[in-house]
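In what follows, a single structure is set out as structure tokens and then discussed.
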Amino acid sequence: MGIIAGLERLEPELQSGLEQASSLSQVDDLYTAFLGRKGALAQLMGHLPELPAEERPAFGKAANAVKERLAELLEARRQFFLSESELAEFARFDPTLPGRSPRQGSLHPVTLVMDEICRVFTSLGFDTVSGPEVETDFYNFEALNLPKDHPARDMQDTLYVSDGVVMRTHTSPMQVRTMLERKKPPLAIIAPGKVYRRDSDLTHTPMFHQIEGLLVDQGISLSHLRGTLTMFLRELFGKSVNVRFRPSFFPFTEPSIEVDISCILCGGEGYRSKGEPCRVCKTTGWLEILGSGMVDPAVFKAVGYDEACAGFAFGLGVERVAMLKYGIDDLRMFFENDLRFLGQFT
Ligand code: PHE
């Protein structure tokens, strides 16, 4: 059969096929058979080179007209089979719309820093523990060598829940809880959590986070404290950071030691490259980073530990570390829940 005759037969053939079709999928099958990539029309077009060159343009034109006609017939039959509800379904679904991707949350910078600190101490063998934010006077003060009327209680502006019940002003009550629970050394724990003080200004919020550390064993000395905290601070702020230990006072440690690191903005110089005073360390070259010391024998006594055992403890403010690490200069950013801020810490 000549290809021109073949072309002319396509329309009547399709028409009779469509008359017999009884479902949408049969119409779709006819589409494939006639207009598909390997369908009847495509096959006829494959014979085009057999025609004399002068006949080819006319044949091409005719083939296009047939193609359009077949497409019309198929579409008309398709519409017939599309039920009303199917049509409605298609109208609702717009495949040209861009996809909607789910919004993914991210961890809060305070959580990120807390996790990182916990990871360092976990790798050293410390256990992570947690305890209540509403504490009794005993755990928050008394057992930590802060008897009633002790002037050092004024160091911390306490939020009272009721007589003898406070919002914990530091994570140090976890020292007492752990030692009472574990009966005897050795032990090494860190306790991350929220603490509360009656403070609210540019650099203080009534709630903030601390991480407490405590290690008790035989023969623990100040050099263990120095070694551990130096290693920890270099892990957290970078190998090049210098660490300084200064005498201080806390009722529950003796001796008490304040720990500074060399300023991470100016590298301890106190001034920036253009002689501009460093705004982070206020030209001192040092940043106060944590409080620490050797556990006071009075604390061991309060929890029933042998006063001959020895240990060191420390406490650090998490927001302060997060501000230094991420270069955040307004504490309130942490608590305003602004997604533009929070989304930057993924
Ligand atoms: N609890 C002290 C504070 O909140 C910090 C600290 C903890 C100091 C452990 C020494 C030992 O300031």
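The values are calculated or read from the model by the stated rules, or taken from the named source; none is laboratory data. None of the values given here were measured: they were computed from a predicted structure. FYI the Cβ positions are ideal-geometry reconstructions off the backbone, even for glycines, and counts take in every protein chain you see. Accessible surface areas use protein heavy atoms only, side chains included; no ligands, DNA or RNA. Shrake-Rupley method; radii C 1.70, N 1.55, O 1.52, S 1.80 Å.
Inspect all residues belonging to the stretch 40-56 and state whether any of them is closer than 13 Å to G2 by Cα, touching a Gly at 6+ places or on another chain (Cβ under 7 Å) and surrounded by 14 or more Cβ atoms within 10 Å (Cβ to Cβ). Yes, the conditions are met somewhere in the stretch 40-56. Look through D137, D163 and report the one residue that is open to solvent by 70 Å² or more (accessible area, probe 1.4 Å), away from the ligand (no atom under 14 Å from the Cβ) and in the same structural domain as G291 (by TED's automatic domain parsing). Unique residue meeting the criteria: D163. For T253, the conditions (1) open to solvent by 50 Å² or more (accessible area, probe 1.4 Å); (2) out of contact with any Pro (no Cβ under 9 Å at 6 or more places or on another chain) are fulfilled apart from (1). Under the condition of being away from the ligand (no atom under 16 Å from the Cβ) and assigned to a strand (DSSP E or B), the residues counted in the stretch 262-297 number 4. A count restricted to the stretch 230-242 and to residues that are within 16 Å of the ligand (Cβ to nearest atom) and either hydroxyl-bearing (S, T, Y) or touching a strand residue (DSSP E or B) at 6+ places or on another chain (Cβ under 6 Å) (or both) stands at 1. Which of the residues that make up the stretch 267-276 are open to solvent by less than 100 Å² (accessible area, probe 1.4 Å) and within 34 Å of the chain's Cα centre (by Cα)? Selection gives G267, G268, G270, R272. Taken over the stretch 306-325, the criterion of being out of contact with any helix residue (DSSP H, G or I) (no Cβ under 6 Å at 6 or more places or on another chain) and more than 21 Å from L229 (Cα to Cα) is satisfied by D306, A308.
If you filter the stretch 198-238 down to residues that are over 27 Å from the mean Cα position of the chain (by Cα) and of a type in the set (K, R), you find that the one that is modelled with the highest pLDDT is R226.
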